[in-house]
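Asks: Would you mind keeping the following structure in view while I ask a few things?
The values are calculated or read from the model by the stated rules, or taken from the named source; none is laboratory data. Keep in mind the model is a prediction, meaning the values are calculated, not measured. Using ideal geometry, Cβ is built from the backbone for each residue, glycine included, and neighbour counts are taken over all protein chains shown.
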Amino acid sequence: MSIRRTAIAVVVILAATFALSGCAAVYVHVASPLGVGECDSNPVTLSVSQNDTGDSVTIEYNGPMDYSLVAYQGMYSDSRFWDMNSTESSIFNYPAADDTADYAINAIDIDSAPWTQVSTGVELIRATYEGSIESFVGGLDYNQQDFDASGVVADKILPVTIAVVCSDSVSSTILSSPTIDSDNAIDGYEVAVAQAFYPNFMYVDPPTVTRQQSISNGVRGRMTLPADMADALPGNIGPVSVDMSAVYIGDSDPFAPPTIEKPYSLRDASLGDLWFLTLLSAIMGPGATTFEIKGDNSLTEPMTFEFYGDNTKPETGYYLVTISVGEDVDNPEHVKLATAVVQYSARNGLTLTGLSKPAPVEKLASTGSDPNAIIWAVLGGLVVLAAVFLRPKRRKGQTESTKAPSDLKE
């Protein structure tokens, strides 16, 4: 891999290290899943969503005015990926780049701009934030920008969880070496509900392969990035760095509807689940199969790629692919991440397929379980691809310009 592409690859691997290292994260107890719960028998709801380019977030809290919102860098999913329970949220240590046992909790001031409030009843409010993710994270009392350049990178890539605490006296604090209970969660610290956002992560069409041909240990060809990904970056971006990595996920169609025998699918995967899977790809991608951009990088022009094995052709089947695009500097000002799937065979070459944004799901009162659960478990002490439960919908079509090696020669 060239030095030019290393900057972006480091961003992904850095985030992967934070997320998956056994000593880098513990859990926070969440009383109720799905952003719907209660404090002292009073209903509270929380919703968090981000825009298509992953740089703006909308947060809405509904409930009594005398409860608090907090934010911390960590993950939450109602679909229970990575073998988490539906009432657990991970939290990264602070600072994430150090091997510490401290965890930062940020109190959110919903009484000040850019937050807005409206009364919805006696002592009930709807508090809303809509604005830049970068500004939100930069405004936290404890953020990674307090440290070196790697901290700035972490702020631009690590997920952030928003949560409701059933108290009006919460302040920003560092939980220094707290007691960890048998569930690997912080003992004595619980939030009522939680939701998360994932900076700079996008759903996009797959890269367009315009030509490809077989080589001794795989495929060589030309491709262009999806237009949405290029358009999401600012016009004044410096030299472009593009990185792709792949991890084998099996020989059966990962988009097939779930069954009892195979209770997982990549149909309509949530951003949180794709974020985890992208990290898996980032860690395991540099192994037996390599997806490498060769030569000049570009947001709009065709780039040469090679998809190859160490000493032989890649295994027939499906691969999860990480796409990272950003500036070619040590501290990227802009990074966009996306996930795609490669289907490969020595006979037909590779075909890239994008992942569809899931349809909105109505949030009902919590029942303590989620029948459409996504579960990815830990493998080999660091990561393991286990099983995923996802909501079936429509598979995004394969790009028309994808060609087999027999169709086009370079």
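Asks: For the stretch 195-225, enumerate the residues that are β-branched (Val, Ile, Thr) and in contact with a Lys or Arg (Cβ under 7 Å, 6 or more places away or on another chain).
Replies: Val209, Thr210
Asks: Of (1) buried (at least 20 other Cβ atoms within 10 Å of the Cβ); (2) polar (S, T, N, Q); (3) touching a helix residue (DSSP H, G or I) at 6+ places or on another chain (Cβ under 6 Å), Gln195 satisfies all except one. Which?
Replies: It is condition (3) that Gln195 fails.
Asks: Can we say Gly295 is at pLDDT 70 or above and at positive phi?
Replies: Here the answer is yes, as Gly295 does meet what is asked.
Asks: Exactly one of (1) under 22 Å from the mean Cα position of the chain (by Cα); (2) closer than 13 Å to Val193 by Cα; (3) free of Cβ contacts under 8 Å to residues at least 60 places away in the same chain is unmet by Asn51. Its number?
Replies: For Asn51, the exception is condition (2).
Asks: Can you find a residue in the stretch 188-195 that is in contact with an Asp or Glu (Cβ under 8 Å, 6 or more places away or on another chain) and in a strand (DSSP E or B)?
Replies: no
Asks: Going by the structure shown, is Ser132 in contact with a strand residue (DSSP E or B) (Cβ under 7 Å, 6 or more places away or on another chain) and more than 30 Å from Ile323 (Cα to Cα)?
Replies: no
Asks: Tell me which strands (runs of 3 or more DSSP E) are completely within the stretch 58-166 and hold 1 or more residues being surrounded by fewer than 16 Cβ atoms within 10 Å (Cβ to Cβ), or say none if there are none.
Replies: Per the criteria, 102-107, 116-121, 124-132.
Asks: Among the listed residues Tyr198, Tyr189, which satisfies the condition of being under 23 Å from the mean Cα position of the chain (by Cα), aromatic (Phe, Trp, Tyr) and over 23 Å from Asn348 (Cβ atoms)?
Replies: Just one listed residue meets the conditions, Tyr198.
Asks: Filter the stretch 245-281 for residues that are of a type in the set (Val, Ile, Thr) and surrounded by fewer than 23 Cβ atoms within 10 Å (Cβ to Cβ); which is modelled with the highest pLDDT?
Replies: Ile249
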